[in-house]
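In what follows, a structure is listed as structure tokens, so that the remarks can point back to it.
The values are calculated or read from the model by the stated rules, or taken from the named source; none is laboratory data. Predicted, not measured: the structure shown is a model, and the values here were computed from it. All Cβ positions, even for glycine, are placed from backbone atoms using ideal geometry, and neighbour counts span all protein chains on display.
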Amino acid sequence: MKQKVIIGFAVLLLLSVVFLISRDLFNSSFKSDENPTEYNIDNLKKIDSALICYKEIMQFDPGMEQVYGISVSENNSIFISGNRQVAIFNSNGTKTKTFTTDSSAHCLITDNNSIYLGIGNHIEHYNLAGEKISSWKAYSENGFITSVAVNKEIVYVADAESKRILKYNTKGELLLEIGQKDTSKGIEGFIIPSPYFEVTFGAYNDLWVVNPGKHRIENYSLSGEHQSSWGVASMQLEGFAGCCNPAHLAVLPTGEFVTYEKGLDRIKIYDPTGKFICVVAGPGSFKGESDFHCTQATLVNDLATDLNGNIYVLDAYNLVRVYAKK
């Protein structure tokens, strides 16, 4: 009998110890509502104001149902493509001309004489009066043009579906393809997981292409040879996050790069070597807290720069915002 009492007491003591240990473990694990491993994108979007080196100097509503692309000419005329139309504004944001297009252009570029529109799988060439000059033959029936760059008599076109940079003359004749995969030479080609693929000219008429799946910005000779690259995948401000970034690219007259990251919605400045300098704008810069909960896929539809070093942002609220260095 005495032995049974001792055994019973020992069992009760053991159960008490187990209960106390379990309670301590439970309380230590859940003493806070915060999850230390939670992926909180809103926290990542918050930017120290000391790192913001640009200020908004102007904004205007282009009065279009939907906006897609923006380009600024040498005389500071602002060209915007929208729902089956292109609108032209002066430097004060006053509309000076509008013309209709057969389909919506998701990107455009202008020079002193022409406007080149990326419409679906092909380019359409217009003069500054809004008259169509030509419609170029598509490289691929399934192509999707996301960016256009022009340098005198040469036009470079980014086709996100074909994963190619296409070099044309101004007559629409295809001269060169850049981006073909060649395993024998160790060339991986462009990795384009989503329809964001940018091409632009640098301050010295050098060609720059975003390889978004690699989080890199790559430099090519005008004849298509890869020469250099910069960029790193990182959640930190210095890098590019997500599956495929940056989504948009522009270049300042002094050679600095302007980038936009979808997902984290950061517009940033890098020096000509690819070193991070500062931030232009981020979530909260447009419409405060609404930016963090914007129903659009991205806060920025397109970027452009002018010869004075100003940055033009076509935002998800269908507004044009102009930024100047502080």
In the set G239, G282, which member is among the small types (G, A, S) and touching a helix residue (DSSP H, G or I) at 6+ places or on another chain (Cβ under 8 Å)?
G282
Selection count, the stretch 195-228, where residues are outside any strand (DSSP E or B), within 20 Å of T254 (Cα to Cα), among the hydroxyl-bearing types (S, T, Y) and within 15 Å of the chain's Cα centre (by Cα)
0
Residues of the stretch 209-236 being of a type in the set (A, V, I, L, M, F, W, C) and modelled with pLDDT under 95, in sequence order, are L222, M235
When residues of the stretch 274-312 are filtered for being surrounded by fewer than 18 Cβ atoms within 10 Å (Cβ to Cβ), at pLDDT 95 or above and in contact with a Gly (Cβ under 9 Å, 6 or more places away or on another chain), how many remain?
2
Here the residues within the stretch 207-236 that are buried (at least 17 other Cβ atoms within 10 Å of the Cβ) and among the acidic types (D, E) are E218
Evaluate the following for K167: is it among the basic types (K, R) and either within 17 Å of the chain's Cα centre (by Cα) or in a loop (DSSP other than H, G, I, E, B) (or both)?
no
Quick one: G130 ticks every box in (1) closer than 18 Å to I311 by Cβ; (2) assigned to a loop (DSSP other than H, G, I, E, B); (3) touching a residue at least 40 places away in the same chain (Cβ under 8 Å) except a single one, so which number is it?
(1)
In the list K163, K137, which residue meets the criterion of being under 23 Å from S223 (Cα atoms), of a type outside the set (V, I, T) and in contact with a Leu (Cβ under 9 Å, 6 or more places away or on another chain)?
K137
Quick one: count up the residues across the stretch 237-273 that are of a type in the set (G, A, S) and either surrounded by fewer than 16 Cβ atoms within 10 Å (Cβ to Cβ) or under 20 Å from I57 (Cβ atoms) (or both).
3
Restricting attention to the stretch 212-258, and to residues there that are touching a His at 6+ places or on another chain (Cβ under 7 Å) and of a type outside the set (G, A, S), which single residue is farthest from I70 (Cα to Cα)?
V232
